[in-house]
Amino acid sequence: GGTADYGAAHAAECGHARYGRTYGGLYPEWSARRPVDLLGHSIGGVTARVLLDLLRRRAFASHPQTSAAWVRSLAALSSPLNGDPVTFALGACPPPPAAPTVLPPTPTTASVLHARSGGG
């Protein structure tokens, strides 16, 4: 839960109150000791990733003790996590470049590669 804060500059520019509704929250016990599992589809996966990043950075003034430990898992289905600028426009910090992961061939993939190379 919490109160929507539109910011002083935005509220003055648009002529409305800085603070909006206050929401009680659905799971007040949420903490590092009682983490949640997040599931997002499409931009919902991006939104879940941004939330995880905001928790990690302790971006919520009313909850300064937040951390990434508040989320046990995050599953994103058909989400453009690194392939859409929306991810970073919503506030996520770009990840550092990662080295590609090279998996060793399994017996199945080795036999497929051998057959495709003309070796059998």
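FYI, it's all coordinate maths here, none of it is from the lab. Just so you know, these numbers come straight off a predicted model, no measurement behind them. Backbone-built Cβ (ideal geometry, glycine too); neighbour counts: all protein chains shown.
Here are the numbers for the structure shown:
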{"item": "Mean separation of Cα contacts under 8 Å, 6 or more apart, over the residue count of the stretch 1-63: relative contact order %", "result": "25"}
{"item": "5 angstrom amide H check on Leu74, placed H, neighbours 5+ away", "result": "Leu38"}
{"item": "Assigned charges on the beta-carbon of Lys, Arg, Asp, Glu; the stretch 14-85 dipole about Cα centre (debye)", "result": "260"}
{"item": "Inter-probe distance in nm under a simple model that places probes 7 Å from Cα toward Cβ, at Gln65 and Cys93", "result": "2.3"}
{"item": "Cα-projected label distance for Leu77 with Tyr27, points at 7 Å along beta-carbon direction, nm", "result": "1.7"}
{"item": "Mean Cβ neighbour count within 10 Å, used as a protection proxy, ranking 42-49, 29-36, 17-24 highest first", "result": "42-49, 29-36, 17-24"}
{"item": "Distance between modelled label sites at Arg58 and Ala17, nm, 7 Å Cα→Cβ extension", "result": "3.0"}
{"item": "P(r) of the stretch 19-98 over all Cα-Cα pairs, binned every 5 Å from zero, in whole percent", "result": "3, 14, 21, 24, 21, 12, 4, 1, 0"}
